[in-house]
Amino acid sequence: MSGTRAAIRYAKAILEIAQSKGVAEAVSEDMKMIASTIKGNAELSSFIENPTLKVEQKQNALLEVFASANDVTKSLFRLLYENKRFEILEAIASEYNVLFDVMNGVEVAKVTTAIPMDAALEAKVLAKIATLSDKKITIENIVDPAIIGGFIITIGDKQYNASVANRLQVLKRELSN
């Protein structure tokens, strides 16, 4: 079974449990923290993925690192311990948040900018997003200096490209015709 399919199954199960206990939002906050912590910490990531470490060590470390997590989140650690699948924890956390957002009618807009967004650019982007989608939107900022300036918004299969690199491409095509 592929890691992604397994991660989706675990995420669905945890979301169902969290919903039944009325803590889906709290668990969502945990999952955001888990995903960003693992993604942003190479040491923790390689620790979790290390096949030579005992699963007890991994479970104990996660319970310590995420001590403030909801009991439902901690039950995921126990489940991964029993099934020896800690390496898919980050994928599960990400999938949980996707499912949670879908359940709440929230769409994620990936906004690519040359430098991290400031408040002024975020306001411009939100104004443009309002014309592209009528759902509640969460912004995920991706920094890519290659676009030179401006921004690219991707929501689902829709894309709005207002990057300087794109404008230069268009200009180049027009001049070569």
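The values are calculated or read from the model by the stated rules, or taken from the named source; none is laboratory data. On a predicted model such as this, the values are computed, not experimentally measured, just so you know. Methodologically, a virtual Cβ is constructed for each residue, glycine included, from the backbone with ideal geometry; neighbour enumeration extends over all protein chains shown. Just the protein is used for accessible areas: all its heavy atoms, side chains included, with ligands, DNA and RNA removed. Shrake-Rupley method; radii C 1.70, N 1.55, O 1.52, S 1.80 Å.
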Dividing the mean separation of Cα pairs under 8 Å (6+ apart) by the residue count of the chain yields a relative contact order in percent of 22 percent
A correct Karplus calculation of ³J(HN,Hα) over the stretch 151-167, with 6.51 cos²θ - 1.76 cosθ + 1.60, θ = phi - 60°, whole Hz and x for Gly and Pro, returns 7, 10, 10, 10, 10, x, 9, 9, 9, 10, 10, 10, 8, 5, 4, 5, 4
Expressed in angstrom and rounded, the centroid-to-centroid distance over alpha carbons for the stretch 1-23 and the stretch 46-108 is 10 Å
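Trypsin sites (Lys or Arg not before Pro), restricted to the stretch 34-134: which are DSSP loop and have at most 11 other Cβ atoms within 10 Å? Mind dumping the intermediate values first?
Details: sites: Lys39, Lys54, Lys58, Lys74, Arg78, Lys84, Arg85, Lys110, Lys124, Lys128; in loops: Lys54, Lys84, Arg85.
Counting only loop positions with at most 11 other Cβ atoms within 10 Å, the trypsin sites (Lys or Arg not before Pro) in the stretch 34-134 are Lys54, Lys84.
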With a 1.4 angstrom probe the carbon and sulfur portion of accessible area for the stretch 42-90, in percent, totals 48 percent
Short to long, in 5 Å steps from zero, the percent of alpha-carbon pairs of the stretch 137-177 per bin is 5, 21, 24, 22, 15, 8, 3, 1, 0
quick shape note, the stretch 64-177: Cα extents on principal axes in Å, largest first -> 63, 28, 25
Under the 7 Å Cα-to-Cβ spin-label approximation, Arg9 and Gln159 lie apart by a distance in nanometres of 3.4 nm
Charge dipole of the chain built from unit charges on the beta carbon (Lys, Arg +1; Asp, Glu -1), centred at mean Cα; most positive-end Cα among Ala35, Ala93, Ile148 is Ile148
Calculated from DSSP helices alone, with each H run of at least 4 adding -39500 (n - 2.57) and the total divided by the residues of the chain, [θ]222 nm to the nearest 500 comes to -19500 deg cm²/dmol
Here FRET efficiency (C-beta to C-beta, Ala42 to Ile142, R₀ 25 Å, nearest 0.05) is 0.80
